[in-house]
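Structure, as structure tokens:
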Amino acid sequence: MRVLITGGGGFLGSGIAKRLHEKNYDVSVLGRHHYSHLPKNIKSFQGDIRDFDFLVRVFADVDTVFHTAAFPGIWGRKEDFHTINVNGTRNVIKACLLGGVKKLVFTSSPSVIYGGVNLEGVDETIPYPENFMCEYSRSKAIAEKLVIEANGENLATVSIRPHLIWGPGDPHLVPRILAKSDSGRLIRVGRGENKVDIIYIDNAVSAHLKACDALGIGKPLAGKVYFVSDGEPVKLWDWIDELLIKTGRPPVSRSISYKTASKVGHFLEGVYSFCRIKVEPPMTRFMASQLATSHYFNITRARNDFGYEPVISPDEGLSRLIQTVPVKS
């Protein structure tokens, strides 16, 4: 079976590519760069998912596509989120159908159903919110809908919603926490009692591969969405403090109320938008909400439908992570 992974040089995409390579699949990755960290016999295509003709060429003779490519983050131009996350996904779907691809596994996000309130143990029946708090969430929700609608007689699709992927090699979550701590800008938002789901990289990869194995035209998974996580939510700020302490850093000592953080975020969003500042503000309303509310999910559907079980616990994952991040003396 020939597999192609969009965003194959990224954190999750690389993990999927390496695991499939170990299983002796014919693996190719697609991205805007050449990825020297991948095994040499994994073929790499340099290009953009917004280029439909390019996708048609590289999707030829492909059986399965893992679509992990996206424009991430919570700040940026609406146009970038839409053209990459929405139009890019539309191109991927069209290229799959034109090229005879049979399976499409889409990496979505729980943020597609997040509207700024506590989400405690909710399952996949929860609807999309009426209003989104950032363009990333809005664009990923539109893309997820496109993937769901594309499922049919010629293409089987499934959407996986991993939340806060972390582990060795993580380029986003942990480095940001440590950088903010080192610069003295890490401040607790809210009371610090909120619980969140996280997912270790090995678990995220496993979820995608298991879903792919069970996916097929007319199969129960086809056209569905699935939450996946480490299986046990963590108290966000306790987890952050443990990470900091184990890497030789002091725990978070300052705090701000959710209400105040949201007001600050609203103000900064206005200033950054008016001044057309491209870098992400130090606080936004979405960030304040994510840091202060609970958001964890019921993964029973994934367990029942394709046998997903976390292979690495949060404690084991943290032990592995600590060995790979800078420790302050």
* Among ILE142, ILE165, ILE160, ILE148, which is in contact with a Gly (Cβ under 7 Å, 6 or more places away or on another chain) and either surrounded by 17 or more Cβ atoms within 10 Å (Cβ to Cβ) or not aromatic (Phe, Trp, Tyr) (or both)? -> ILE148
* To do: Hey, can you tell me all the residues within segment 13-49 that are buried (at least 22 other Cβ atoms within 10 Å of the Cβ) and either in contact with a strand residue (DSSP E or B) (Cβ under 6 Å, 6 or more places away or on another chain) or of a type in the set (A, V, I, L, M) (or both)?
  => GLY13, ILE16, ALA17, LEU20, VAL27, VAL29, LEU30, ILE49
* Asked: Residues ILE245, ILE277, ILE240: which one is in a loop (DSSP other than H, G, I, E, B) and either among the aliphatic types (A, V, I, L, M) or crowded, with 18+ Cβ neighbours inside 10 Å (or both)?
  -> ILE277
* Just one of (1) surrounded by 16 or more Cβ atoms within 10 Å (Cβ to Cβ); (2) hydroxyl-bearing (Ser, Thr, Tyr); (3) in contact (Cβ under 8 Å) with a residue 40 or more places away in the chain; (4) more than 30 Å from LYS224 (Cβ to Cβ) trips up SER294, so point out which. => (4)
* Just one of GLY248, GLY270, GLY307, GLY265 is more than 19 Å from the chain's Cα centre (by Cα) and either modelled with pLDDT of 95 or more or β-branched (Val, Ile, Thr) (or both); which is it? -> GLY307
* Residues located in segment 248-262, provided they are basic (Lys, Arg), over 20 Å from VAL196 (Cα atoms) and surrounded by fewer than 15 Cβ atoms within 10 Å (Cβ to Cβ) -> ARG254
* Asked: Name the pairs whose Cβ atoms lie under 6 Å apart, with the first residue in segment 207-233 and at positive phi and touching a residue at least 12 places away in the same chain (Cβ under 8 Å), the second part of a helix (DSSP H, G or I) and surrounded by fewer than 24 Cβ atoms within 10 Å (Cβ to Cβ), and 6 or more positions between them or separate chains?
  -> GLY223/ILE148
* Flag if GLU124 is over 23 Å from GLY76 (Cβ atoms), out of contact with any Ser or Thr (no Cβ under 8 Å at 6 or more places or on another chain), assigned to a loop (DSSP other than H, G, I, E, B) and of a type outside the set (S, T, N, Q) -> yes
* Asked: In this structure, is ARG285 surrounded by fewer than 22 Cβ atoms within 10 Å (Cβ to Cβ), at pLDDT below 95 and among the basic types (Lys, Arg)?
  -> yes
* Asked: Of all residues in segment 153-183, which are touching a residue at least 24 places away in the same chain (Cβ under 8 Å), part of a loop (DSSP other than H, G, I, E, B) and over 14 Å from the mean Cα position of the chain (by Cα)?
  -> GLU153, ASN154, LEU155, PRO168, GLY169
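The values are calculated or read from the model by the stated rules, or taken from the named source; none is laboratory data. Note that the structure is a prediction, hence the values are computed from the model and not measured. No Cβ is skipped: glycine too gets one built from the backbone with ideal geometry, and neighbour counts run over all protein chains shown.
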